[in-house]
Amino acid sequence: MPHPRPLPCTRPLRRAAPAVLAVLLLASAGPAPAQEQTNPRRSARAAGATPAMNSNAPVTVNFVNADIEAVSRAMAAMIERQIIVDPRVKGAITVYSEQPLSVREAYLSYLAALRGLGYALVDNAGLLKVVPEADAKLQAGTVSVGPSNQRGDQVLTQIFRLNHENPNNLVAVLRPLISPNNTINANPGNNTLVITDYADNLQRIGKIIAALDQPANTDVEVVPLQHAVAADLATLVQRLADNAAGPALVPGGAGGAGGVTILAESRSNALIVRAGSPVRLAAVKSLIEKLDRPGQGGPAGSIWVVYLKNADAAKLATVLRAAFGGGGGSGGGSSSGSGTPIGGNTGLNTSVGGANNQGGTASAAATTPVAASAQPSTGGFIQADPATNSLIITAPEPLYKQIRAMVDQLDSRRAQIYIESMIVEVSGDNAADFGFQWQGVGFLGGSEKYGLFAGTNSSVGGPSIISLTTALASTTVSSSTTLPGEGLNIGLVKKYGDVYSLAAVARMLQSQTNTNIISTPNLITLDNEEAKIIVGSNVPFITGQFTGTGGSSSTSNPFQTIERKDVGITLRIKPQVGEGGAVRMTIFQESSSVSEKVAPGTSNAGPSTDKRSIETTVTIEDGAILVLGGLIEDKFTEKKSKVPLLGDLPWVGGLFRSESRTRNRTNLMVFLRPIVMRDTDSADKLTMDRYDTIRARQQGAQPAPSVLMPINQSPVLPERPSPSNLAAPAAPASAPAR
């Protein structure tokens, strides 16, 4: 599959090419202080690229499923730096923006796309290299000491010098915050931490280290939360700790003897607490435990049951788990008894509404906590109960409010699409046959012992003269007796003794067949749900047969194996309504019928079928008509059977040849029209319109009155029911009594 052309670098991009290249260098290499001290030449190169990276010239980025290597070459030309792609880096990448970007923004988008695919960009010996994320820590050339202003998704190595804290104590605290493929190491010799990770994460880790590296002899502990939101509780506890630094908070201790620092770790929904003394740390933990309680607005245990009006509970539960970081919990009906935790290990280790739920049929199953890297800012569970089409949500009240807001938006009435299709086939067959056959027998020397036979024999356009002669000489007629072909047959008969024989036969035929078929299968389905309609017959096809013979000459135990297949019209559609009203449809349409023509050599193999199918994906506006495709075929066939040389003679050559000509024309078109129904009024209007249409056709198909026939009326639908009597529909009209 050819790679999509990279963004046609329009004039703004060409004008900004030097600036663009510099931006990439600035974001990848960046102002690396450590390297500036150890490698002045490289720092000069980075500084020389700064104008290109800081260019404000607009750049339009449009790489959709493009090859990574091709996109990397384009970015290298943009930032005027060389980018080398590791041979292990394969696949397609998408970097797309609706609006023009600056060179720096385009470069950062490129880095983010690489990270999403499991790759990273490193600066090694002045070259930018795209490598697998697992190897980035081994090849990252950009090393900085102390604070760094670099941001983005480039892998860097940063050295943090600690002034007060022991680096070994911080490794256990910071390791869960490092990306799985990256590293953190402590060097007690010079009291430093060496961390390799993405630039954005290093910024966050730097702030945590700065807050923890305090001069006092303090203790650090991670306190997981069960109900409260870490970001909200951290602010409250910090304020309380600052305002109550005296004996009220720390009994028996000196107020303000050691500062309290509280940081929120949103991914695991925990608080990182640093206190000046173990007593102060214990007091802060006690305060956190008192505040980490279920909200008063919900039921006991923070368990809510949300009954859905339109959405499917199992499918919606899967979407919510993914949206709130719980991973791809199993969805569908089979997952009705399993709950997937969203958030960290909050202590809720069993699913809700399981084996002890006497009102439903769901069965409980133990749940597995989601990995820390996939956890959101809070903990909880979302479980579906298909029996009542409801969601069971176990979460802190702040998280529940977020989930409930999303549920209210997703639990909306989906549009319905009424699809009208029309399959039109017009065909015509014209055929013409003309042939002359003759035969004769003569005896030599007046003796009947030796004779001479001569003649022509052809089956083009009809039976041969020999077959007709055999049938004429037969005294009985059976189903296998050969009859003259269609059209005008003129023969010359001669009698030999008591037997009649054809001496010559001429056949002339001209036939014309026209076919006009219109099929209109219709169906209705929900938005983004597949619908299927089949109208036809179930035709048997012989797939095998066997006849066993016994000891005598007679046969016994014959049997056949038969496979039945649907023959008729099949329409399968999956529509998807866009925000602007356009309908995207994945369509499969097939029209098949039992063929009247028998293929040569298959007369005993059962029926043959003619099949025409279309499978495509289209986009069409609501109410518009679109032709999906069709077939226009014009076929001409000519057959000749003649005596060499004699059949080519002018005028008299027709006595020595038979001809058949056929012309087949086929025109097939398939049309489609979707009608979007977003409310009950439009659905009722369309339904009543079709109701009136079929009722009018039934009334028009009534039999003619007859005195001799007792039944003079066919069933007719009752009049359109009004909204007041929909609950008790009228019975169909019956025929009058005899």
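The values are calculated or read from the model by the stated rules, or taken from the named source; none is laboratory data. In this text, all values refer to a predicted model and were calculated from it rather than measured experimentally. Virtual Cβ from ideal backbone geometry, glycine too; neighbours counted across all protein chains shown.
May I ask you to list the residues in the range 412-437 that are over 17 Å from Ser511 (Cα atoms) and buried (at least 18 other Cβ atoms within 10 Å of the Cβ)? Across the range 412-437, the qualifying residues are Ala415, Gln416, Ile417, Tyr418, Ile419, Ser421, Ile423, Glu425, Phe436, Gln437. Under the condition of being over 26 Å from Tyr110 (Cβ atoms), within 47 Å of the chain's Cα centre (by Cα) and among the charged types (D, E, K, R), the residues counted in the range 150-208 number 2. Summed over the range 171-200, residues that are small (Gly, Ala, Ser) and within 16 Å of Leu156 (Cα to Cα) total 2.
Could you list all residues from the range 254-265 that are assigned to a loop (DSSP other than H, G, I, E, B) and either at pLDDT 75 or above or in contact with a Phe, Trp or Tyr (Cβ under 6 Å, 6 or more places away or on another chain) (or both)? Answer for the range 254-265, where residues must be assigned to a loop (DSSP other than H, G, I, E, B) and either at pLDDT 75 or above or in contact with a Phe, Trp or Tyr (Cβ under 6 Å, 6 or more places away or on another chain) (or both): just Val260. Applying the set (1) hydroxyl-bearing (Ser, Thr, Tyr); (2) closer than 20 Å to His227 by Cα; (3) at pLDDT below 85 to Ser363 leaves exactly one unmet item: (2).
Residues in the range 402-431 that are charged (D, E, K, R) and either under 17 Å from Val583 (Cβ atoms) or not in a strand (DSSP E or B) (or both): Arg404, Asp408, Asp411, Arg413, Arg414, Glu420.
Here Ile517 clears all of (1) surrounded by 11 or more Cβ atoms within 10 Å (Cβ to Cβ); (2) at pLDDT below 80; (3) at negative phi; (4) touching a Gly at 6+ places or on another chain (Cβ under 8 Å) except the condition numbered (4). Entry remark, the range 689-738: residues being modelled with pLDDT of 80 or more, outside any helix (DSSP H, G or I) and in contact with a strand residue (DSSP E or B) (Cβ under 7 Å, 6 or more places away or on another chain) number 3 in total.
Checking each residue in the range 618-647 for being closer than 29 Å to Phe434 by Cβ, surrounded by 14 or more Cβ atoms within 10 Å (Cβ to Cβ) and of a type in the set (A, V, I, L, M) picks out only Val643. Quick check, is Pro600 at pLDDT below 80 and not aliphatic (A, V, I, L, M)? Answer is yes for this residue. Does Gln154 satisfy the condition of being touching a helix residue (DSSP H, G or I) at 6+ places or on another chain (Cβ under 6 Å) and either more than 26 Å from Arg115 (Cβ to Cβ) or modelled with pLDDT under 85 (or both)? When the stated conditions are applied, Gln154 passes them. Within the range 648-682, the set of residues being under 29 Å from the mean Cα position of the chain (by Cα) and assigned to a loop (DSSP other than H, G, I, E, B) comprises Arg678, Asp679.
Looking at Ala136, Ala92, Ala77, just one residue is at pLDDT 80 or above and either under 30 Å from Pro188 (Cα atoms) or hydrophobic (A, V, I, L, M, F, W, C) (or both), and that residue is Ala92. When the strands (runs of 3 or more DSSP E) confined to the range 128-219 are screened for residues that are surrounded by 15 or more Cβ atoms within 10 Å (Cβ to Cβ) and touching a residue at least 24 places away in the same chain (Cβ under 8 Å), those reaching at least 2 such residues are found at 143-145, 155-161, 192-198.
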